[in-house]
Amino acid sequence: MKLKNLAIIGIALLMSACAATNDQAASSGSASGASGDSAKSQMSRDVSTSSSSAYAPGSQEELQESIGDRVFFDTDRYDLSAEAQAIAGSWADWMKKHQNVQIEIEGHADERGTREYNLALGARRANAVKDFLTSLGVQANRVSTVSYGTERPEALGSNEEAWSKNRRSVAVVR
Amino acid sequence: MKRILQILIPLVLMLNMASPAQSQLRISVEDGLREPLPIAFAPFIAKSGSSAGMGQNLADVAIADLESSRLFRAIDPTAFIQTPAAAAIAPRFSDWRQINAQALITGTVGGEPDGRIRVEFRLWDVLGESQLVGQAYVTQKENWRRVSHLVADTIYKWLTGEKGYFDTRVVYVAESGAADRKIKRLAIMDQDGANHSYLTSGRNLVLTPRFSPSRQEITYMSYAGRRPRVRILNVDTNQDETLGPIDGMTFAPRFSPDGEKLLFSAEQRGNSDVFVLDLRSRKRVRLTNHPAIDTSPSFSPNQREVVFNSDRGGSPQLYVMASDGTNARRISFGGGRYATPVWSPRGDLIAFTKIEGGRFGIGVMRSDGSNERMLSQSYFEESPTWAPNGRVIMFFRRTPTDRQGRGGKSRLFIVDVAGGEPREIKTPGDASDPAWSPLSP
């Protein structure tokens, strides 16, 4: 996650320099350790917020910038790694701080499985996060879940790097 | 969406005809690698000005059907010695033997006083010098393609002893848009790709459509209202309903062979199990209760058993259980991961997707798991669906995607269960999740 934040900062700097084309931003992202594609998609998503230094409390942007909005899984697995637990634990703290916030956990899978199995796997991944949050004291009715299976990949490309980015759960402020 | 064939009259044109079982001219569908049977398919002769030009079209569609099965090869008409017009009156069999035709098809098309068309055709055994079957169809002009499919089905049945599958349709998911935000719509077409139309607008993500075997209905999964749920769509009335109040996602729907029940998976607190819904009483029964993923259920033709996909043994594999949910046992032991089991309408085989060595393939095995055979393999393919005669499987393939999202072409294919190279079914754009209809009533 640190690498990703670095990449975003790198893009933000380029943006503020007012000289970045998409291609330049992408190559900068690659240099920071993220793939060109994810850097690009990050840029398009963060364009509206990256120039601001303060995010609305309890907003998606604050969650994304202060903690990160996603955790990753191994192939066909849905248990939370130590790194994923650290991030989801921060989500729990953040939700306790912002008691009015409701979130939806999206569960996603990579393209190397059949559609129906991946829908079930995405549901598992979303609920693994929800269960972890509630185990830390977040009220269950503040966390909804949805599985997108393999339908909404984050990274494009038929390679392990893309697949590992797509095996994920994403926290979305509702 | 109505497809009304106003009148369909099979006519016996000659007395003392053989039955399909008695026919001497017969090819076996069991060996997929055999040489295709050479047949002479004469363009149908127009008997009126209004039907001019239809004769060639009628023949062309039926020829395409028969050749797509890879069991038949139509002889180039420029080789014909006797003219089709003369053959339609009385074949001179020696002329057809000379060009090595095993079977000869002749026919006529004419206009009825009420504006409908009348198509007559005869199938001849060239070596036996006899008529095998003759039929006549009277229908609206716009139904002409369906007549061709019925003609092809009749020929297929007489020459193979198996039911045809050409007078059928396919529902599938038409894909468009960016690879990470695909727009998916339900689309329906004839089995040969003709008469293509869309059933949904693309506003909601839709997946895994399947035909009802008994009604003009399609069950599918939709993200309408951002709630992924199984729905049932009537393609005649456009009535579209969800399955009623179920918490959590419902998915992987499939009708029972009698059309009275619906199998599906429901997810509760992250765990997916298999359920069956009685479509009349709306009574829902849980069939599996296991902390592993249980999905992709499919009934056996006698509805006594259900095959499904589960990772209860540590990786996705195929299991068969009694239709009350008891006695679940694993049937896939070939190595690799297995998914999407679909029971053949004949009951003898189960089609599946297998993932092994980084590649995906479509295969079949007996319902006890024995005699596994792979029919196709590629970078990615899944979603097998059976033609109603249980001889042909359709599925979809997707090519790899590069980092810019290029590639990732998704296409429909058919493969004979006996073997042979898969053949693409043309669609207007990217296509996935095909489902074959039953034979039209």
Handout entry: Peptide A:139-151 - average C-beta neighbours from other chains (10 Å radius)
Key = 3
Practice task
Return the carbon/sulfur percentage of the accessible area of the stretch A:58-173, one whole number, probe 1.4 Å, all protein chains in place.
Solution key: 48 percent
Fill in the blank from the handout: If one compares the long axis through the Cα atoms of helix B:54-68 with the longest principal axis of the Cα atoms of chain B, the angle in degrees, nearest 10, works out at 50 degrees
Handout entry: Fraction of the pair-distance distribution of the stretch B:277-319 above 15 Å, Cα-Cα pairs, percent
Key = 51 percent
Completion exercise
At q = 0.13, 0.15, 0.21 1/Å the base-10 log of I(q)/I(0) from the Debye formula over the alpha-carbon atoms of the stretch B:11-160 is -0.54, -0.73, -1.41
Exercise for the section: Please report the relative contact order for chain B, taking Cα pairs under 8 Å with a sequence separation of at least 6, and give it as a percent rounded to a whole number. Expected result: 11 percent
Problem - Computed over the stretch A:58-173, Kirkwood Rh from alpha-carbon pairs, angstrom - result: 14.0 Å
Exercise for the section: Could you order B:ILE425, B:ILE81 by accessible surface area, starting with the largest, using a probe radius of 1.4 Å? Expected result: B:ILE81, B:ILE425
Completion exercise
Mean per-residue count of partner chain Cβ within 10 Å for A:119-131 equals 6
Handout entry: the stretch A:58-173: relative contact order as a whole-number percent, Cα under 8 Å and 6+ apart
Key = 37 percent
Fill in the blank from the handout: Expected integer from the mean partner chain Cβ neighbour count at 10 Å over B:286-296 is 2
Completion exercise
Counting only protein heavy atoms and leaving out ligands, DNA and RNA, the solvent-accessible surface of A:GLU83 at a 1.4 Å probe, in Å² to the nearest 10, equals 110 Å²
Handout entry: Accessible-area ranking of B:LEU127, B:LEU277, largest first, probe 1.4 Å
Key = B:LEU127, B:LEU277
Exercise for the section: Report the semi-axes of the equivalent ellipsoid for chain B in whole Å, largest first, where each axis is √(5λ) for an eigenvalue λ of the Cα gyration tensor. Expected result: 42, 24, 21
Practice task
Take every DSSP beta bridge with both residues inside the stretch A:58-173 and express the antiparallel ones as a percent of the total, to the nearest 5.
Solution key: 55 percent
Problem - Virtual spin-label span in nm between A:SER59 and B:GLN140, 7 Å along Cα→Cβ - result: 5.8 nm
Problem - Listed residues B:ASP324, B:ASP430 arranged by accessible area, highest first, probe 1.4 Å - result: B:ASP324, B:ASP430
Exercise for the section: Treat each spin label as a single point 7 Å out from the Cα along the C-beta direction, and report the B:GLN56 to B:ASP180 distance in nm. Expected result: 5.1 nm
Handout entry: Angle in degrees between helix B:144-160 and the longest Cα principal axis of chain B, rounded to the nearest 10
Key = 90 degrees
Fill in the blank from the handout: Expressed in angstrom and ordered largest first, the alpha-carbon extents of the stretch B:216-293 along the principal axes are 40, 30, 17
Problem - Cβ-derived FRET efficiency at R0 35 Å, A:ASP93 paired with A:ASN159, nearest 0.05 - result: 0.50
Problem - Exposure of B:LEU104 as accessible area (Å², to 10), given a probe of 1.4 Å and all protein chains - result: 0 Å²
Fill in the blank from the handout: With the stretch B:166-260 reduced to its Cα atoms and the Debye formula applied, log10 I(q)/I(0) at q = 0.19, 0.22, 0.25 1/Å amounts to -0.93, -1.21, -1.44
Exercise for the section: Can you pull the one-decimal nm distance between simple spin-label points at B:SER48 and B:ARG359, each 7 Å off the Cα toward Cβ? Expected result: 5.6 nm
Exercise for the section: Find how much the distance from B:GLN303 to B:ASN289 grows on full extension, using 0.36 nm per residue of separation minus their present alpha carbon separation; answer in nm with one decimal. Expected result: 3.0 nm
Fill in the blank from the handout: D (µm²/s, integer) via Stokes-Einstein for the protein assembly as shown, Kirkwood Rh across alpha-carbon pairs, 20 °C, 1.002 mPa s: value 80 µm²/s
Fill in the blank from the handout: Expressed in square angstrom to the nearest 10, the accessible area of B:ASP190 with a 1.4 Å probe stands at 0 Å²
Problem - Accessible area buried between chains B and A, both sides summed, probe 1.4 Å, in Å² to nearest 100 - result: 3400 Å²
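The values are calculated or read from the model by the stated rules, or taken from the named source; none is laboratory data. Computed from a prediction, not measured in an experiment: that's the story for all the values here. We place every Cβ from the backbone using ideal geometry, glycine too, and count neighbours over all the protein chains shown. What goes into the accessible areas is simple: the full protein's heavy atoms, side chains included, and nothing from ligands, DNA or RNA. Shrake-Rupley method; radii C 1.70, N 1.55, O 1.52, S 1.80 Å.
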